[in-house]
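Down below is the structure, laid out as structure tokens.
The values are calculated or read from the model by the stated rules, or taken from the named source; none is laboratory data. As the structure is a prediction and not an experimental result, all values here were calculated from the model. No Cβ is skipped: glycine too gets one built from the backbone with ideal geometry, and neighbour counts run over all protein chains shown. All accessible areas refer to the heavy atoms of the entire protein, side chains included, with ligands and DNA or RNA removed. Shrake-Rupley method; radii C 1.70, N 1.55, O 1.52, S 1.80 Å.
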Amino acid sequence: MPESVMIAEMTWTDYDDKVRNQKPVVILPVGSLEQHGPHTPLATDTLIPTAISKSVAERIGGLVAPPISYGYKSQPRTGGGNHFPGTTSLDGETLIRLARDIICEFARHGVRKMIVMDSHYENEMFLIEGIDLALRDLKAQGVDDMKIVKVRYFEFTSDETLEAVFPDGFPGWPLEHAGVMTTSVLLHLHPELVRMDRVPNHPPMHYPTYDVFPSDPERSSSSGVLASAMSATAEKGELLFSEYVEKISDAMAGEFGAAATPKA
Ligand code: ZN
């Protein structure tokens, strides 16, 4: 049986041995439980970064922590809004605390290299705050050699791939919610979870360049989709996924040196 890179599947003795002797990079996927249209699952933002993390860990000799499967509140302009049934969100301080506690626990085990693999637009600053406070806590305890890289995988999409995936024009990452990119990657990874017969076919949403509170569901997308996924395919998903794995592995090898040298 090949060795698992998933920490949850390891015994504590195997994990301890690996952390002590191989000083691996630990990857923490972070997602959300959030509506992703009538055609893709609530865990879309968690399934994708977890799969990318697993493939990256296999290439760079890293380990993958169980994901943070809930995220900060979905916003109308990036996720449709927090009013949808199924969307189950955290207060910002909860997410900050979760990230801070998990990082400090891995540091207690001896881990000194981490990647926070974020997939949910709204998590951004709360994860940065969690990372910052964890590093401050660790420094106060005399641990000053922890290095953390925060990654948003979709930012590794090349211009050539964007042109191939969006031949009719790229709507931008904020509108790419339950759109062509995430739907294609899921068609590649988990086709059984995608209902292409339910993909809404409406024009991309138009929002003002500001946010209004309390948000009005009537001004949001009724389907939950911000830009249609009609042109999603498994082939596009494979192209995107392999680019993410390859480019993130290369970048992390650069950041973490020999410990993260991609395996052939
Ligand atoms: Zn999201």
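Yes or no: His177 of a type outside the set (Asp, Glu) and open to solvent by less than 50 Å² (accessible area, probe 1.4 Å)?
So His177 passes the test.
State which residue is surrounded by the most Cβ atoms within 10 Å (Cβ to Cβ) when the search covers only region 51-72 and only residues that are free of Cβ contacts under 8 Å to residues at least 60 places away in the same chain and of a type in the set (Val, Ile, Thr).
Val64
Would you mention how many residues in region 77-106 are open to solvent by 10 Å² or more (accessible area, probe 1.4 Å), part of a helix (DSSP H, G or I) and either more than 16 Å from the ligand (Cβ to nearest atom) or out of contact with any helix residue (DSSP H, G or I) (no Cβ under 7 Å at 6 or more places or on another chain) (or both)?
Within region 77-106, residues that are open to solvent by 10 Å² or more (accessible area, probe 1.4 Å), part of a helix (DSSP H, G or I) and either more than 16 Å from the ligand (Cβ to nearest atom) or out of contact with any helix residue (DSSP H, G or I) (no Cβ under 7 Å at 6 or more places or on another chain) (or both) number 11.
Hey, can you tell me all the residues within region 187-210 that are within 23 Å of the chain's Cα centre (by Cα) and under 19 Å from Thr87 (Cα atoms)?
Leu193, Val194, Arg195, Val199
From the list Ile115, Ile48, which residue is hydrophobic (A, V, I, L, M, F, W, C), over 15 Å from His177 (Cβ atoms) and either modelled with pLDDT of 95 or more or within 14 Å of the ligand (Cβ to nearest atom) (or both)?
Ile115
Considering only region 107-123, state which residues are part of a helix (DSSP H, G or I), open to solvent by 10 Å² or more (accessible area, probe 1.4 Å) and touching a residue at least 12 places away in the same chain (Cβ under 8 Å).
Once the filter is applied, which keeps residues that are part of a helix (DSSP H, G or I), open to solvent by 10 Å² or more (accessible area, probe 1.4 Å) and touching a residue at least 12 places away in the same chain (Cβ under 8 Å), region 107-123 yields His109, Tyr121, Glu122.
Are there any pairs, at least 6 apart or on different chains, whose C-beta atoms fall under 9 Å, with the first in region 200-227 and in contact (Cβ under 8 Å) with a residue 12 or more places away in the chain and the second outside any loop (DSSP other than H, G, I, E, B) and open to solvent by 60 Å² or more (accessible area, probe 1.4 Å), and if so, which?
From residues that are in contact (Cβ under 8 Å) with a residue 12 or more places away in the chain, the pairs are Met205/Arg77; Tyr207/Arg77; Tyr207/Arg219; Asp211/Arg77; Ser220/Arg77; Leu226/Arg77.
Within region 21-34, can you find the residues that are within 11 Å of the ligand (Cβ to nearest atom) and either open to solvent by 10 Å² or more (accessible area, probe 1.4 Å) or of a type in the set (Lys, Arg) (or both)?
If the condition is that a residue be within 11 Å of the ligand (Cβ to nearest atom) and either open to solvent by 10 Å² or more (accessible area, probe 1.4 Å) or of a type in the set (Lys, Arg) (or both), then Leu33 is the only one that fits.
Where in region 152-264 are the helices (runs of 4 or more DSSP H), entirely inside, with at least 2 residues that are out of contact with any helix residue (DSSP H, G or I) (no Cβ under 6 Å at 6 or more places or on another chain) and farther than 18 Å from Glu34 by Cα?
Counting at least 2 such residues, we get 159-165, 234-256.
Regarding Ile60, is this residue aliphatic (A, V, I, L, M), within 16 Å of the ligand (Cβ to nearest atom) and either touching a Ser or Thr at 6+ places or on another chain (Cβ under 7 Å) or within 15 Å of Val245 (Cα to Cα) (or both)?
Spelling it out, it is not the case that Ile60 is aliphatic (A, V, I, L, M), within 16 Å of the ligand (Cβ to nearest atom) and either touching a Ser or Thr at 6+ places or on another chain (Cβ under 7 Å) or within 15 Å of Val245 (Cα to Cα) (or both).
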